[in-house]
Amino acid sequence: MQHEADNRLLRIFIGESDTYDGKPLYMAIIEVLRREGLAGATVVRGIEGFGKSSRLHTAHILRLSEDLPIIIECVDTADKVEAILPSLDEMIGDGLVTLERVEVRVYRANGS
């Protein structure tokens, strides 16, 4: 990924209990992003949230949810992110996918 390239932030909002091909959806998405050579991705587990249905999903002790919000974030060039969207569309049933233009200021690995 080049610093001066046209970059995108891909953000995927799904539920923890969502599955694809017999495994958690977030794991399946990470595998696809990695296999396709995207620069990197992070999975974040939310403590509370709601979606289109307005059903509250929470980690609050009195209202334990088995379907907490999951956000997957990935930054790479616009071309690489656009190329992966058809695969994601096939995998994601309920959820939200957003794209934003981003400026990459630093991208290093292994102390480089």
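Give the residue that is nearest to GLU103 (Cα to Cα), with candidates limited to residues of the stretch 15-41 that are in contact with a helix residue (DSSP H, G or I) (Cβ under 7 Å, 6 or more places away or on another chain) and either modelled with pLDDT under 95 or part of a loop (DSSP other than H, G, I, E, B) (or both). I'd like the intermediate steps shown before the answer.
Within the stretch 15-41, the first condition is being in contact with a helix residue (DSSP H, G or I) (Cβ under 7 Å, 6 or more places away or on another chain), and the residues that meet it are 18-21, 25, 28-29, 32-33, 36, 38, 41.
When the remaining residues are screened for being either modelled with pLDDT under 95 or part of a loop (DSSP other than H, G, I, E, B) (or both), the result is 18, 21, 36, 38.
Working: ASP18: 31, ASP21: 35, GLU36: 22, LEU38: 16 Å.
Across the stretch 15-41, the extreme among qualifying residues is LEU38.
Go through the stretch 86-103 and give me each residue that's under 14 Å from ASP76 (Cβ atoms), surrounded by fewer than 14 Cβ atoms within 10 Å (Cβ to Cβ) and in contact with a helix residue (DSSP H, G or I) (Cβ under 9 Å, 6 or more places away or on another chain).
Residues satisfying the conditions are LEU99, ARG101.
The values are calculated or read from the model by the stated rules, or taken from the named source; none is laboratory data. Since this is a predicted model, take the numbers as computed values, not measurements. Don't worry about glycine lacking a Cβ; one is built from the backbone with ideal geometry, like all the others, and counts go over all protein chains shown.
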